[in-house]
Amino acid sequence: PEELDRYRALTPGAFSLGAYDGGELAGVALAERHEWNRTLWVWEFHVDPARQGRGVGRRLMAALAGRAAAAGLRAVVCETQNTNVGAIRFYRRLGFTLDGVDVSHYTNHDMEPGGTVAVFMKRRLP
């Protein structure tokens, strides 16, 4: 419930976008501007699996980056997991680089066999 309330607060902002195919939602991005370090944190980024590989995610992320740059922000930051190889490859194709790893972001046992480690990727803006 707390996370949902936080997302509801982000939704009306300039950095929450939907991508539509006809009248259907094809992708969504929820992001939050951090003033203290002039970054845009992408909290949720999803593309309908049936529409992946068609440029929806690329255009959605380009729109976010464009809005962030126009707002004077210096970087876009995403968090994913070491197990989400597809997301890591996608972000790298868009110019994101590995910026950090947190080995206890989710639990105190993230590094154990089968565990999931948080991977932070960043794209610096011009």
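See the values below:
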read-out: Residue count for region 7-62, restricted to those that are at pLDDT 90 or above, surrounded by 12 or more Cβ atoms within 10 Å (Cβ to Cβ), over 12 Å from the mean Cα position of the chain (by Cα) and not in a strand (DSSP E or B); value: 8
read-out: LEU98, sole failed condition from (1) surrounded by 17 or more Cβ atoms within 10 Å (Cβ to Cβ); (2) assigned to a strand (DSSP E or B); (3) not polar (S, T, N, Q); value: (1)
read-out: Selection within region 63-83 - over 22 Å from TYR20 (Cα atoms), open to solvent by 50 Å² or more (accessible area, probe 1.4 Å) and over 13 Å from the mean Cα position of the chain (by Cα); value: ALA70, ARG74, ASN82, THR83
read-out: Residue within region 109-116 that is part of a loop (DSSP other than H, G, I, E, B), over 24 Å from GLU35 (Cβ atoms), of a type in the set (S, T, N, Q) and at pLDDT below 95 present; value: no
read-out: Boolean, GLU79 is modelled with pLDDT of 95 or more, acidic (Asp, Glu) and assigned to a strand (DSSP E or B); value: yes
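The values are calculated or read from the model by the stated rules, or taken from the named source; none is laboratory data. Being a predicted model, the structure only gives us computed values, none of them experimental. Positions of Cβ are backbone-derived with ideal geometry, glycine not excepted, and every protein chain shown enters the neighbour counts. These area figures cover heavy atoms from the full protein model, side chains too; ligands, DNA and RNA do not enter into them. Shrake-Rupley method; radii C 1.70, N 1.55, O 1.52, S 1.80 Å.
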